[in-house]
1. Output the residues belonging to segment 528-551 that are in a helix (DSSP H, G or I) and either in contact (Cβ under 8 Å) with a residue 40 or more places away in the chain or touching a Leu at 6+ places or on another chain (Cβ under 9 Å) (or both).
2. Only one residue in L258, L196 is open to solvent by 70 Å² or more (accessible area, probe 1.4 Å) and in contact with a Pro (Cβ under 8 Å, 6 or more places away or on another chain), so which one is that?
3. Can you run down the residue pairs with Cβ atoms below 6 Å, 6 or more apart or on separate chains, where the first is in segment 397-410 and open to solvent by less than 30 Å² (accessible area, probe 1.4 Å) and the partner is in a loop (DSSP other than H, G, I, E, B)?
4. Can you confirm whether segment 299-307 contains a residue that is among the β-branched types (V, I, T) and open to solvent by 10 Å² or more (accessible area, probe 1.4 Å)?
5. Considering only segment 42-54, how many residues are open to solvent by 10 Å² or more (accessible area, probe 1.4 Å) and either touching a strand residue (DSSP E or B) at 6+ places or on another chain (Cβ under 9 Å) or not acidic (D, E) (or both)?
6. Quick check on segment 103-162: of everything there that is aromatic (F, W, Y) and under 28 Å from the mean Cα position of the chain (by Cα), which residue is nearest to E502 (Cα to Cα)?
7. Does segment 105-119 hold any residues that are in contact (Cβ under 8 Å) with a residue 24 or more places away in the chain and surrounded by 14 or more Cβ atoms within 10 Å (Cβ to Cβ), and which are they?
8. Any chance you could count how many residues in segment 242-254 are in a helix (DSSP H, G or I) and open to solvent by 10 Å² or more (accessible area, probe 1.4 Å)?
Amino acid sequence: MADLAFLWHMHQPDYRHPETGHFTLPWTLLHALKDYPDMASHLERHPAIRCTVNFVPVLLAQIEDYCDQLATRQWRDPLLRILAWPDPDHLAPADRSWLLDMAFRCHAPTMLEPFAPYRRLRDLLTFVRSQDGNGLDYLAGQYYADLATWYVLAWSGESLRRGPGPIAALMAKGGSFDLADREALINEIRTVLDGLTPRYRALAERGQIELCCTPAHHPLAPLLLDFGVAREAMPDCLLPAAPGYPGGRSRVEAHLQLARQSHQQRFGHLPAGLWPAEGALSQAFLHQIADAGFTWTASSRGVLEHSAGPDANTGIPWQAPEGIPGDLTLFFRNEHLSDLIGFEYARWHGRDAAAHFMAEVTTLHRQDADALIPVFLDGENAWEYYPYNGWYFFNDLYEALAGTPAITTVTLSEATDRHRPRRRRLPGLTAGSWVFGTLSTWIGSPDKNHAWELLCDVKQCVDRALDSASLDAGQRQHILALLAVCESSDWFWWLGDYNAPESVSAFDHLFRDNIRALYRLLGLPAPTSLDHPISRGGGTPESGGTMRRAT
């Protein structure tokens with residue numbers, strides 16, 4: 001019997017402005033309406049399916065921020081504020097501009113083109129913009145009310161559209177949404193978001209899923225510990241001018257401790273497993289993972305090949321190299337199967353994709369009757385490219401798996417126990433990630449290296465301030481919280497000429513705002529270099545740049 005181990009990774013970086021607390025981008029809210037409820041619904045409808053679900057603490061904190069906004073109606077997200085605005089004819093010009101800029105950002109073939117009223121809103125805006133510069137003045141408040149409503153409807157999960165709430169009725173109405181309609185939608189958003197953490201906790205408590213975590217703000221831990229590890233898989237990698245990130249070991253330890261505390265608080269128990277940000281591991285990071293009390297961690301085949309050779313097998317678990325404390329188990333994902341789901345099957349009919357996946361795993365079972373088949377991927381960004389948010393694909397896949405006795409779905413803690421006799425010891429670990437098996441997505445280019453240098457500079461200032469006696473406990477906590485945000489891997493992910501200019505600009509700007517705010521907290525002038533963009537982008541990456549293939 002082969003064991004299939006899914007890991008679905010859920011993450012969004014902190015989109016809140018460091019000084020106002022307002023959300024600069026709506027992606028946490030929109031994924032919380034579309035993907036997190038749908039992924040829970042698939043499991044609730046197929047109780048025989050077991051898997052591991054990873055939630056990054058910074059994502060959960062943002063969902064809780066939205067829950068607070070919905071409870072208090074103190075809006076910190078412009079989309080919610082626009083929806084709740086009683087008189088759209090008197091909507092603030094800044095909110096109108098924000099909505100016109102954001103409200104068609106989606107995968108149009110699956111999220112816009114199927115809906116005639118939403119298409120009409122786009123076509124009307126295109127026409128108005130093609131006229132003279134004052135054309136936007138002719139768009140009445142009703143246009144903005146309908147546009148905000150349709151943006152949320154387009155990002156609503158398929159489980160919500162098929163459920164008892166107001167989503168289906170609003171989509172059928174199509175337009176002329178009044179305040180009562182928008183309030184009904186806001187109430188549905190509140191119900192969905194309030195229920196997310198309890199739903200996943202309930203799935204875990206009944207034993208269907210395992211919940212794991214990532215270091216608190218999703219830092220690229222191997223690079224916090226040592227820039228030089230980037231050269232283990234890329235000997236010619238250009239490194240930042242700074243010799244290393246100051247105090248990286250203590251910062252990684254802080255992110256690990258915060259993640260364990262978050263998990264205990266939100267899910268009622270400590271996590272057994274850690275999915276490292278970007279699947280990025282190094283030998284030094286393994287030490288800290290083991291010291292923190294985790295029993296398993298994971299990465300990707302590229303890292304395994306660089307560490308144990310091209311014939312190393314992802315179909316077994318691996319024991320951490322000699323010298324790593326405890327008894328840490330490592331899993332390395334099957335990149336072919338993971339990328340089929342992440343990138344290829346979106347273009348297939350759901351039933352054909354499910355049948356093809358089943359044929360692939362059946363072949364692996366025939367080759368090794370006791371195989372472990374690790375399939376790890378993003379649990380949120382792939383589905384907008386699927387028709388119906390992947391509803392039919394998951395329904396057919398989970399039904400096929402439930403009806404195939406030779407293939408059993410397992411959590412990664414179950415795989416740790418069941419496959420312990422097959423485990424082999426890694427001879428060593430070559431640092432890398434789930435993208436190309438290297439760290440090139442986060443270091444090595446001039447813009448990424450410059451961002452690291454900006455971060456190193458402010459970290460030195462933080463260290464001097466923390467070593468002084470001039471800060472009270474509240475100030476220290478605020479400084480460390482903002483520093484953790486600055487240490488996220490996401491800033492470095494988005495810098496690069498291969499990414500879309502609008503995405504690069506948004507993340508570049510927010511990264512510099514965070515560092516600038518950190519200088520202000522320290523009572524220091526921010527360097528003028530923060531006034532200039534780090535990167536400009538210019539590419540049209542697959543999946544909008546939110547995901548990358550393993551190879």
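The values are calculated or read from the model by the stated rules, or taken from the named source; none is laboratory data. Predicted, not measured: the structure shown is a model, and the values here were computed from it. Here the Cβ positions follow ideal geometry from the backbone for every residue, glycine too, while neighbour counts run over all protein chains shown. Keep in mind that these areas ignore ligands, DNA and RNA; they rest on the heavy atoms of the full protein, side chains included. Shrake-Rupley method; radii C 1.70, N 1.55, O 1.52, S 1.80 Å.
1. S529, L530, E542, S543, G544, G545
2. Working: L196 fails: open to solvent by 70 Å² or more (accessible area, probe 1.4 Å).
Testing whether each residue is open to solvent by 70 Å² or more (accessible area, probe 1.4 Å) and in contact with a Pro (Cβ under 8 Å, 6 or more places away or on another chain) leaves just L258.
3. Close Cβ pairs satisfying both conditions: Y398/H46; Y398/I49; T409/I49; T409/R50; V410/R50.
4. Start the filter on segment 299-307 by keeping residues that are among the β-branched types (V, I, T), which leaves 303.
After this cut, where a residue has to be open to solvent by 10 Å² or more (accessible area, probe 1.4 Å) as well, the list is none.
No, every residue in segment 299-307 fails to be among the β-branched types (V, I, T) and open to solvent by 10 Å² or more (accessible area, probe 1.4 Å).
5. Residues flagged as open to solvent by 10 Å² or more (accessible area, probe 1.4 Å) and either touching a strand residue (DSSP E or B) at 6+ places or on another chain (Cβ under 9 Å) or not acidic (D, E) (or both) within segment 42-54 amount to 5.
6. So the residue we want is F104.
7. C106, H107, T110, M111, L112, F115, P117, Y118
8. 5
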